[in-house]
Amino acid sequence: MRTNWASATAIALLLSLSASAGHAEEVTAWRLFISDHADPKVTVIDAVDGGKLDTFQIKGPASLHRSESGRTVFAVQGAAGVVTGIASGISFDDHGEHGDIDVEAPKLAGVEITGKKPSHFVEHDGDFAAFFDGEGVARIISEKVVLEGKSDFREVKTDAPQHGVAVAYGSHVILSEPNREKPDELPVGIRVADEAGAPIGGIHACPDLHGEASSGNILAFACATGLLVVSHGDGTPAIRHLPYADSLPDGKTTTLIGGRGLQYFLGNYGADKVVLIDPTVESDAFRLISLPTRRVHFAIDPVRPKFAYVFTEDGQLHQLDVVKGEIANSLKLTDPYSMDGHWSEPRPRVAVAGDRIVVTDPLKGVLRLVDATSFEKTGDIAVEGKPFNIVSVGGSGQTHEGE
């Protein structure tokens, strides 16, 4: 009897794939990384069951930044002069029709970048730029290198110490330009440089530069006069100025976050307002939204793109419909947190972990949990100390038996 080996091989492959699919398990994992307001530590909480996974001792109180991939979290410790890398333990592998998830224990990555007064920390396409204000230097490192446990970074220098920012933008670096006449004040613009830091072209004016974010393929910097909008040009980044609308009251944006799923930016505008910005248009790009009291913190929802969340000093969390440009729901969540006093006092921060909105309540030592669908409070998670800055990492994917 003659065997058709090609057919037999194809049948065996299909049976193998069917068996693999049959053993695939859908897994959801979300983790919260929380820094303390006073103590040098980062606590990792399982956002699904509320259990503590680990606590990492670092050098000082930190602001936290997660990577786009979610594989790394960075603790920027300004007073201690160091940026510490953390491996989140969650990674995804895209297979087109589905994605696989790999879940391991979180751990310190073994990477520290040191320098004077690290401040702004920006990712673009898997490269991170940490700006050290006390030196006027950006130190750039890739996520791949961090996950290998190596501190191999390159430096790009500006002309003077400044409260600056840098973005590794493909084969270029975008750098803030210091205020030469008043070096203690905010930068006056940005310039484009090659990978070694050599300038390309002139300075793009951006007085009082403070705040940057990405949304899709657009990068934006906040200025006293509007936004500088950066996109991929012909060989070098294309940069244009988007001025504030004449209809806006006096003010400016100093904090920006970028939408995911929908291309927009959300920024502060005065103490008790936020502004929605469409970077793709020239007119009617700004929509101002008034808040009941002064703003404390705000965050976008990466799972439900039409929503963002704003926490105000009266202890309310507001669900912002970014399509309609209005507050859709409000929920009393904590005692009041006045914005009077020092800017760095412990006040709530907001993150989204799947179907949960999580708000830190540092004076009570708890995380407040809100169901993102019903917008109702669902519980609390106790965290030792004063839980302050927070980022979330996670999602859903398949795991396969035997892998």
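The values are calculated or read from the model by the stated rules, or taken from the named source; none is laboratory data. This is a predicted model, so every value here is computed, not measured. Using ideal geometry, Cβ is built from the backbone for each residue, glycine included, and neighbour counts are taken over all protein chains shown.
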What is the one condition in (1) aliphatic (A, V, I, L, M); (2) assigned to a loop (DSSP other than H, G, I, E, B); (3) surrounded by 21 or more Cβ atoms within 10 Å (Cβ to Cβ) that ALA160 does not satisfy?
-> (3)
Just to be sure, is LYS107 out of contact with any Phe, Trp or Tyr (no Cβ under 7 Å at 6 or more places or on another chain), of a type in the set (D, E, K, R), farther than 19 Å from GLU212 by Cβ and modelled with pLDDT under 95?
-> no
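For every residue, the table says whether it meets (1) among the aromatic types (Phe, Trp, Tyr); (2) farther than 13 Å from VAL323 by Cα; (3) at pLDDT 95 or above; (4) crowded, with 17+ Cβ neighbours inside 10 Å.
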position: THR254; (1), (2), (3), (4): no, yes, yes, no
position: GLY258; (1), (2), (3), (4): no, yes, yes, yes
position: TYR264; (1), (2), (3), (4): yes, no, yes, yes
position: GLU282; (1), (2), (3), (4): no, yes, no, no
position: ARG287; (1), (2), (3), (4): no, no, yes, yes
position: LEU291; (1), (2), (3), (4): no, yes, yes, yes
position: LYS306; (1), (2), (3), (4): no, no, yes, no
Would you mind stating whether ASP208 is out of contact with any His (no Cβ under 6 Å at 6 or more places or on another chain), on the phi > 0 side of the Ramachandran plot and either surrounded by fewer than 21 Cβ atoms within 10 Å (Cβ to Cβ) or of a type in the set (Phe, Trp, Tyr) (or both)?
-> yes
Hey, among GLY216, GLY261, GLY267, GLY226, which residue is in contact (Cβ under 8 Å) with a residue 12 or more places away in the chain and closer than 30 Å to PRO336 by Cβ?
-> GLY267
Cβ pairs under 7 Å, 6+ apart or interchain, first in region 335-350 and in contact (Cβ under 8 Å) with a residue 12 or more places away in the chain and hydroxyl-bearing (Ser, Thr, Tyr), second assigned to a loop (DSSP other than H, G, I, E, B) and surrounded by 13 or more Cβ atoms within 10 Å (Cβ to Cβ), ordered by first then second residue, are TYR337/GLU313; TYR337/GLY315; TYR337/ARG347; TYR337/PRO348; SER338/GLU313
Number of the condition not met by PHE121 [criteria: (1) under 16 Å from the mean Cα position of the chain (by Cα); (2) of a type in the set (Phe, Trp, Tyr); (3) surrounded by fewer than 18 Cβ atoms within 10 Å (Cβ to Cβ)] | (3)
Can you pull out the residues in region 26-43 that are aliphatic (A, V, I, L, M), in a strand (DSSP E or B) and surrounded by fewer than 17 Cβ atoms within 10 Å (Cβ to Cβ)?
-> VAL27
Determine which single condition ASP380 fails, assuming it passes every other condition in (1) without any contact (Cβ under 8 Å) to a residue 60 or more places away in the chain; (2) surrounded by 17 or more Cβ atoms within 10 Å (Cβ to Cβ); (3) part of a strand (DSSP E or B).
-> (2)
Positions within region 117-153 being under 27 Å from ALA105 (Cβ atoms) and either assigned to a helix (DSSP H, G or I) or of a type in the set (Ser, Thr, Tyr) (or both), in sequence order | SER142, GLU143, LYS144, VAL145, VAL146, LEU147, SER151
Name the residues in region 308-348 that are crowded, with 19+ Cβ neighbours inside 10 Å, in a loop (DSSP other than H, G, I, E, B) and of a type in the set (Gly, Ala, Ser), would you?
-> GLY315
Top-ranked residue in region 178-191 [being part of a strand (DSSP E or B) and closer than 13 Å to ALA138 by Cβ; ranked as nearest to the chain's Cα centre (by Cα)] = ILE190
Of everything in region 44-82 that's in a loop (DSSP other than H, G, I, E, B) and of a type in the set (S, T, N, Q), which residue is surrounded by the most Cβ atoms within 10 Å (Cβ to Cβ)?
-> SER67
Return yes or no: is ALA351 under 18 Å from the mean Cα position of the chain (by Cα), among the small types (Gly, Ala, Ser) and in a strand (DSSP E or B)?
-> yes
